[in-house]
Amino acid sequence: ATNLAPPPPAPLELSQPACYPTGSAGLYCLVLAHNSNPLPLDGVSARIILAGSDGLPFAGQTAYAALDLIPPGGEVPLAALFALQPGQQVAATGLELQSAILVTEPLSDTHSVVLDVSAPSGAVVDGRWTVTGNVRNPAASPLPEAWVLLSVFNAAGQLTGFRTQALWNGIGAGETRQFTTSSDSFSGPVDHGLVLAEGRP
């Protein structure tokens, strides 16, 4: 018999969900995934669960990583948007890791590629945390799709927002491209930012 069950998730550090109210009576919950493994992680997802004052869960959603790959030592946000019913109050949140795959073999020509990033932490420009830097494609082939991820944090190190921005026309083989990206914060002033980037053939 063939065992078709998916492999158990690889070790992964997840922050507790940080949930922020939206203007439409919703709740936007963010989780930060940290890869402490010596290899990249692929397909990271986790289920965020909301519970009421009685301790019983009343809503749950699967949140997916903002990038396909999380490089060794990298941190990538996961997010889920909840539509709350009138009168629903969130007293507690839960988290369950669903998938995380260690990339143990050389990546194929169809797999995402981690781009090299050179960028400062950033600064506030027109009320948004803004970063200008460079990304380089280390692959020997062009990547028609490429994007930059900016995550922003408060002084306590809590994830308070992020933004994924596409690079126009992707990035060529060995090419270096300049980028400027910015992100709002759901809660208070931003203390620092983190930039990662990847491309896809």
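The values are calculated or read from the model by the stated rules, or taken from the named source; none is laboratory data. Values in this document were obtained by computation on a predicted structure and should not be read as measured data. Cβ coordinates were reconstructed from backbone atoms using ideal geometry, including for glycine residues, and neighbour counts include every protein chain displayed. Heavy atoms of the whole protein, side chains included, go into the accessibility calculation; ligands, DNA and RNA do not. Shrake-Rupley method; radii C 1.70, N 1.55, O 1.52, S 1.80 Å.
Brief remarks follow.
- Of residues in region 15-27 being open to solvent by less than 50 Å² (accessible area, probe 1.4 Å) and outside any loop (DSSP other than H, G, I, E, B), the one nearest to Ser185 (Cα to Cα): Tyr20
- Subset tally (residues that are under 10 Å from Gly174 (Cα atoms), at pLDDT 95 or above and open to solvent by 40 Å² or more (accessible area, probe 1.4 Å)) for region 115-141: 1
- Candidates Ala33, Ala100: the one that is among the aliphatic types (A, V, I, L, M), assigned to a strand (DSSP E or B) and within 20 Å of Phe153 (Cβ to Cβ) is Ala33.
- If the condition is being polar (S, T, N, Q) and open to solvent by less than 60 Å² (accessible area, probe 1.4 Å), then region 154-201 contributes Asn154, Thr160, Gln165, Thr181, Ser182, Ser183, Ser185, Ser187.
- Check on Ser151, open to solvent by less than 70 Å² (accessible area, probe 1.4 Å), in contact with a Lys or Arg (Cβ under 6 Å, 6 or more places away or on another chain) and assigned to a strand (DSSP E or B): no
- Any hit, region 96-111, residues being without any contact (Cβ under 8 Å) to a residue 24 or more places away in the chain and either open to solvent by less than 80 Å² (accessible area, probe 1.4 Å) or in contact with a strand residue (DSSP E or B) (Cβ under 7 Å, 6 or more places away or on another chain) (or both): yes
- Residues satisfying the stated conditions in region 126-148, i.e. part of a strand (DSSP E or B) and among the polar types (S, T, N, Q): Thr130, Thr132, Asn134
- Condition check for Ser99: under 22 Å from Arg200 (Cβ atoms) and more than 12 Å from the chain's Cα centre (by Cα): yes
- Of note, Leu39 does not satisfy the criterion of being part of a loop (DSSP other than H, G, I, E, B) and open to solvent by less than 10 Å² (accessible area, probe 1.4 Å).
- Hits in region 1-57 - residues which are touching a Phe, Trp or Tyr at 6+ places or on another chain (Cβ under 8 Å) and either more than 30 Å from Gly87 (Cα to Cα) or among the basic types (Lys, Arg) (or both): Val44
- Residue that is in contact (Cβ under 8 Å) with a residue 40 or more places away in the chain, open to solvent by less than 50 Å² (accessible area, probe 1.4 Å) and at negative phi, where the choices are Ala91, Ala80, Ala65: Ala80
- Among the residues making up region 155-190, those that are farther than 24 Å from Ala80 by Cβ and in a loop (DSSP other than H, G, I, E, B) are Ala155, Leu167, Trp168, Asn169, Gly170, Gly172, Ala173, Gly174, Glu175, Pro189.
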